[in-house]
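Input: a single structure, listed below in structure tokens.
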Amino acid sequence: MNELSASSRITYRAVMVRPGLARRIRGLSDRMLAWLFITPTIVLLLAINIFPLLWTIYLSFTNYRANRANVPTIWLGADWYQSILTDPDIWAAMQVTAHFVIWTVVIETVLGFGLAYLIDKKFRGHGMWTTIILLPMMLSPAVVGNFWTFLYQPQIGLFNYVVAFFTGRAASSFQMLGDVTLSPWAIVIVDAWMWTPYVMLICLAGLRSIPDYIYEAAEVDRASKWRQFWSITLPMALPFIMLAVLFRGIENFKMFDMVNLLTGGGPGSTTEVASITLKRAAFESWRTGYSSAFAIILFVTVFGLANIYVKALNKVKSR
Amino acid sequence: MSVDLTPSIARRGLADRILRRAPLEAIATTIIAAGVVMLMQPLSLTLYSWSFATTLFGTVMFTIVSKVRE
């Protein structure tokens with residue numbers, strides 16, 4: 001053994017070690033192996049999801065300010081919650097959010113279902129049209145926000161010229177993003193343009209899941225197309241429509257990026273949705289404790305809606 | 001000696017009928033939906049003030065009742 005060269009000794013040691021390690025791993029139960037594989041994921045989840053959530057809950061009860069980290073924090077109890085839930089400005093932001101959520105969901109559902117109904121008819125070139133319709137959904141919200149800002153320009157924007165062509169009004173006579181009446185609708189239009197294809201996809205899945213024999217039986221019973229739509233198509237696609245409504249509702253309740261790029265919450269606070277108010281409180285006023293409490297209120301709302309969403313999803317799955 | 005041949009039907013009490021997952025989940029879902037509506041309605045500041053408590057109660061209730069037997 002002593003006459004072995006250095007490299008041979010290393011190889012020899014490696015050969016000696018490897019079977020031991022392998023035997024030890026081979027000796028682990030399936031349960032232990034499963035834990036071994038999922039432990040890094042659980043640690044990562046705890047570090048980047050659960051810990052910040054618990055920390056935010058703690059901060060929401062204190063006067064902590066991120067720009068004055070050295071100042072001692074004072075426990076305030078539920079003061080911030082009370083302050084937020086009695087503040088007319090926050091209530092107004094919630095109403096702006098409600099306007100945005102309700103109108104986008106209604107428009108996207110009606111248009112999405114209509115498009116899905118048309119695409120489901122499998123006319124000539126329907127594959128190409130499906131791809132074209134899906135294009136806006138594939139774009140980044142940052143890109144969409146930027147190019148719709150150009151489209152809404154009163155002087156050079158295409159949108160104003162299209163409206164001028166159909167209504168006869170001068171193209172530069174109105175500003176979609178600068179007008180207090182029009183700006184809430186401007187963000188609704190952009191969101192509907194971007195996310196209607198998504199609702200269409202979900203509705204299309206619902207329509208394609210309806211078996212043909214039900215329509216054949218209805219044909220035998222001489223049911224009109226109108227009757228078939230109301231008695232077969234709509235009830236059977238309804239769980240999928242509900243799913244789309246819930247998903248878009250939750251997403252739009254949290255909407256930040258697109259609105260921030262398009263209007264930044266303005267003019268005034270007419271498009272200041274809840275997320276924009278939260279961002280202003282957290283990173284402009286640096287009221288970290290206050291904004292943490294606001295974030296927890298929004299989180300509980302979204303979590304509650306997500307529970308309903310999961311329930312609807314299970315209903316769809318069980319079909 | 002007479003033998004009772006009628007099949008014995010297990011009588012389910014009111015608690016058994018109510019304490020099942022489906023109706024309890026439906027109640028929790030309704031409370032959550034009511035909380036969300038209260039949060040975003042434009043009519044009453046008092047309703048808005050109670051919205052968070054309502055949503056939180058509904059969410060906690062949903063989490064608990066989803067563990068109840070079918």
With the first residue restricted to segment A:197-221 and required to be closer than 17 Å to A:LYS121 by Cβ, and the second required to be not in a helix (DSSP H, G or I), Cβ contacts under 6 Å at 6 or more apart or on different chains are A:LEU207/A:ASP120
Reported set for segment B:43-57 where residues are more than 9 Å from chain A (Cβ to nearest Cβ) and touching a helix residue (DSSP H, G or I) at 6+ places or on another chain (Cβ under 9 Å) is B:SER44, B:LEU47, B:THR54, B:PHE57
For residues in segment B:16-42 being within 22 Å of A:ASN252 (Cα to Cα) and outside any helix (DSSP H, G or I), which is nearest to the other protein chains (Cβ to nearest Cβ)? B:PRO42
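Okay, residues lined up against (1) surrounded by 20 or more Cβ atoms within 10 Å (Cβ to Cβ); (2) farther than 24 Å from B:ILE32 by Cα; (3) within 11 Å of another protein chain (Cβ to nearest Cβ):
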position: A:THR271; (1), (2), (3): yes, yes, no
position: A:PHE299; (1), (2), (3): no, no, yes
position: A:ILE308; (1), (2), (3): yes, no, yes
position: A:ASN314; (1), (2), (3): no, no, yes
Among the residues listed as A:ILE84, A:ILE133, A:ILE90, A:ILE102, the single one being buried (at least 18 other Cβ atoms within 10 Å of the Cβ), under 30 Å from A:LEU207 (Cβ atoms) and aliphatic (A, V, I, L, M): A:ILE133
Among residues of segment A:147-159 being in a helix (DSSP H, G or I) and at pLDDT 90 or above, the residue surrounded by the most Cβ atoms within 10 Å (Cβ to Cβ) is A:TRP148
So the check is Cβ under 6 Å with 6+ separation or different chains; which pairs have a first residue in segment A:89-115 that's closer than 16 Å to A:LEU246 by Cα and at the interface with chain B (Cβ under 9 Å from one of its Cβ atoms) and a second one that's part of a helix (DSSP H, G or I) and among the polar types (S, T, N, Q)? A:VAL101/A:ASN252
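Yes/no per residue for (1) part of a helix (DSSP H, G or I); (2) of a type in the set (Gly, Ala, Ser); (3) modelled with pLDDT of 90 or more:
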| site | (1), (2), (3) |
| --- | --- |
| A:VAL180 | no, no, yes |
| A:VAL188 | yes, no, yes |
| A:ASP191 | yes, no, yes |
| A:TRP195 | yes, no, yes |
| A:TYR198 | yes, no, yes |
| A:GLY206 | yes, yes, yes |
| A:ALA217 | yes, yes, yes |
| A:ARG227 | yes, no, yes |
| A:TRP230 | yes, no, yes |
Just for segment B:58-70: of the residues that are under 18 Å from A:THR301 (Cβ atoms) and surrounded by fewer than 17 Cβ atoms within 10 Å (Cβ to Cβ), which one is farthest from the other protein chains (Cβ to nearest Cβ)? B:VAL60
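The values are calculated or read from the model by the stated rules, or taken from the named source; none is laboratory data. Values in this document were obtained by computation on a predicted structure and should not be read as measured data. Glycine gets a Cβ as well: all are built from the backbone with ideal geometry, and neighbour counts include every protein chain shown.
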